[in-house]
1. Against the definition (surrounded by 12 or more Cβ atoms within 10 Å (Cβ to Cβ), of a type in the set (A, V, I, L, M), over 30 Å from Ser71 (Cα atoms) and touching a helix residue (DSSP H, G or I) at 6+ places or on another chain (Cβ under 9 Å)), how does Ala213 come out, yes or no?
2. If you take just the helices (runs of 4 or more DSSP H) that sit entirely in the range 1-77, which of them hold at least 2 residues that are closer than 29 Å to Ala213 by Cβ and in contact with a strand residue (DSSP E or B) (Cβ under 6 Å, 6 or more places away or on another chain)?
3. What number goes with the only condition from (1) at pLDDT 90 or above; (2) in a loop (DSSP other than H, G, I, E, B) that Thr346 does not pass?
4. Which residue is farthest from Val76 (Cα to Cα), if the candidates are limited to the range 167-214 and must be hydrophobic (A, V, I, L, M, F, W, C) and touching a Gly at 6+ places or on another chain (Cβ under 7 Å)?
5. When you go through Ser185, Ser221 one by one, which is the residue that is within 30 Å of Ile253 (Cα to Cα) and either touching a residue at least 24 places away in the same chain (Cβ under 8 Å) or not charged (D, E, K, R) (or both)?
Amino acid sequence: MSLVLVIEDEEHIRNNISEILSFENYEVMQAANGIQGYKLAQERKPDLVLCDVLMPGMSGWDVLLEIRNNSALADVQFVFLTALADRASTRKGMSHGADDYVPKPFTHRELLDTVATRLRRADELRSRQTTQLDHMRRNIIYALPHELRSPLTGILNCAEFLLMDHAMGLEPDRVRNVAKIIERSGKRLHRLIENYLYYAQLELIASDPARRAEFATHLSSNAGGVIYDSARERVALYQREADLNLTLENASIFISEENLHRLVAELVDNACKFSPPGTPIMVETRLTDGRFALYVRDVGRGMEQAEIEQIDPFAQFQRTLFEQQGVGLGFAIVRRLAELYNGTFTVHSQPEQGTEVVVMFGVVG
């Protein structure tokens, strides 16, 4: 049985709503003001809150902000009951994190339909989160041990070789080659661990409404410069500076410079990894309809549509055909960053023709 909290300072409206919901077999709690309502929400954690906007002492806006700043109540559905049904008030409610609103006066059917829709949406979100977590756990079990073991094995084998008696007289060039293998394996291991920890941090932010709201306010005032530096640094690691084509417009956008640098590095790294040397890697930005669009294109092996749809933190496409390093965290990091900054992430790809990734962000001002 779903638990609904009704916060309404007018007693007859509060009782009427409670009676309607109780008749439909919802468990109902009542609060006569915002302070009492928020206290009940903390104590009982309802599935849904129906809350009036204009109340003395603690307004509906204040109740909403307190609930959204409480991580224990992050998944509670919140619906405003309001006579302020104009566009500005509705937009304000949604921007504060409300899930819906019911304009006063409302019919029984309007109220019940809204409650049923929001509760169904909450069930869908919980089910999706559970499925994603189960999928991630399974892939961690299968993919992560291999990805950790491979570079570590290279490091240990090289170290063992250097410790052997006959290795004492090796020529400097031979020792240098072994050292390069150790360095390459160590960097691969370090990158994997850093990406894994970074992605875990993003997931924690995504699950906390207060941190997520604060995160989305970060901005980069020199997006073109950050993209230029990040792309050039990444292609240099693959010795593919000559393959990089940059066409950049500058803007101030909603994503921190640090995270924008990371996002571009992941996209360019994938382009380098999955396209042959000597083919172009194109990085372009455009201002389109008030949005800042970042395009990264390569002429590599590409992906099937089914592979694009299966992008997740631990996906490795066609592992039996192509040896690839990493556990699919690159695209997952980019997608999550785009979501956290209220942007979009789109992949266009065709096998043997290449891949284009488009990420769009809001422009400051």
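1. When the stated conditions are applied, Ala213 does not pass them.
2. 34-44, 60-68
3. So Thr346 meets the others, but not (2).
4. Going residue by residue through the range 167-214, those that are hydrophobic (A, V, I, L, M, F, W, C) are 167-168, 170, 175, 178-179, 181-182, 189, 192-193, 197, 200, 202, 204-206, 210, 213.
Remaining after also requiring touching a Gly at 6+ places or on another chain (Cβ under 7 Å): 181, 192.
Values: Ile181: 51, Leu192: 35 Å.
So the residue we want is Ile181.
5. Details: Ser185 fails: within 30 Å of Ile253 (Cα to Cα).
Exactly one of Ser185, Ser221 is within 30 Å of Ile253 (Cα to Cα) and either touching a residue at least 24 places away in the same chain (Cβ under 8 Å) or not charged (D, E, K, R) (or both), namely Ser221.
The values are calculated or read from the model by the stated rules, or taken from the named source; none is laboratory data. This is a predicted model, so every value here is computed, not measured. Here Cβ is always computed from backbone atoms with ideal geometry, including for glycine, and neighbour counts include all displayed protein chains.
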